[in-house]
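This report concerns only the one structure given below.
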């Protein structure tokens, strides 16, 4: 199944989806499920960063011919870490000032932006040895909303270049 224009994102998403399914099937070992969920949360955080890089790189590539500007843009996108909603909005604004309000409104609707921030917050807690109460069903819900944002950037914003 192809969800995204970018095959790397499709590969990563399929891997995460598969792990979520596997984790939901683990019965009744809640400790193992919890550890797998935390691992998947870290993967989801990386998926968000990769998605932001690839979707905005694709926008840049479709907007200009190979040039110094394109090379610079990709190098700056590659440096993005902890791609929370504020960074995503500011990045969208740097491509087109009109996109800021559009992506902000889309992320506010149905708490899509909050879902992204929750994934990043939990990944941060996990990576720094703090407690995380993330469950596989919550993580799956957050991932679905995150995918909606990524697809919005990929299909809606890119269509208005």
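Of all residues in the range 28-41, which are in a helix (DSSP H, G or I) and either without any contact (Cβ under 8 Å) to a residue 12 or more places away in the chain or surrounded by 15 or more Cβ atoms within 10 Å (Cβ to Cβ) (or both)? Explain how you work it out, then say what you get.
Let us first name the residues in the range 28-41 that are in a helix (DSSP H, G or I), namely 30-41.
Residues satisfying the conditions are 30, 31, 32, 33, 34, 35, 36, 37, 38, 40, 41.
Just the residues that are part of a helix (DSSP H, G or I) and free of Cβ contacts under 8 Å to residues at least 24 places away in the same chain, please, taken from the range 18-27.
Taking the range 18-27 first, the residues part of a helix (DSSP H, G or I) are 18-25.
18, 21, 22, 25 - these are the residues of the range 18-27 that are part of a helix (DSSP H, G or I) and free of Cβ contacts under 8 Å to residues at least 24 places away in the same chain.
With a cut-off of at least 2 residues that are surrounded by 15 or more Cβ atoms within 10 Å (Cβ to Cβ), at pLDDT 95 or above and touching a helix residue (DSSP H, G or I) at 6+ places or on another chain (Cβ under 9 Å), name the helices (runs of 4 or more DSSP H) lying wholly within the range 65-161. Give the steps one after another, and end with the answer.
Details: elements: 68-78, 85-95, 97-108, 112-127, 136-151.
Passing ranges, in order: 85-95, 97-108, 112-127, 136-151.
Can you tell me which condition residue 49 does not meet? The list is (1) free of Cβ contacts under 8 Å to residues at least 24 places away in the same chain; (2) under 21 Å from residue 19 (Cβ atoms); (3) out of contact with any helix residue (DSSP H, G or I) (no Cβ under 9 Å at 6 or more places or on another chain), and all the others hold.
All conditions pass for residue 49, except number (1).
The values are calculated or read from the model by the stated rules, or taken from the named source; none is laboratory data. Just so it is clear, the structure is predicted and the values come from calculations on it, not from any experiment. Virtual Cβ from ideal backbone geometry, glycine too; neighbours counted across all protein chains shown.
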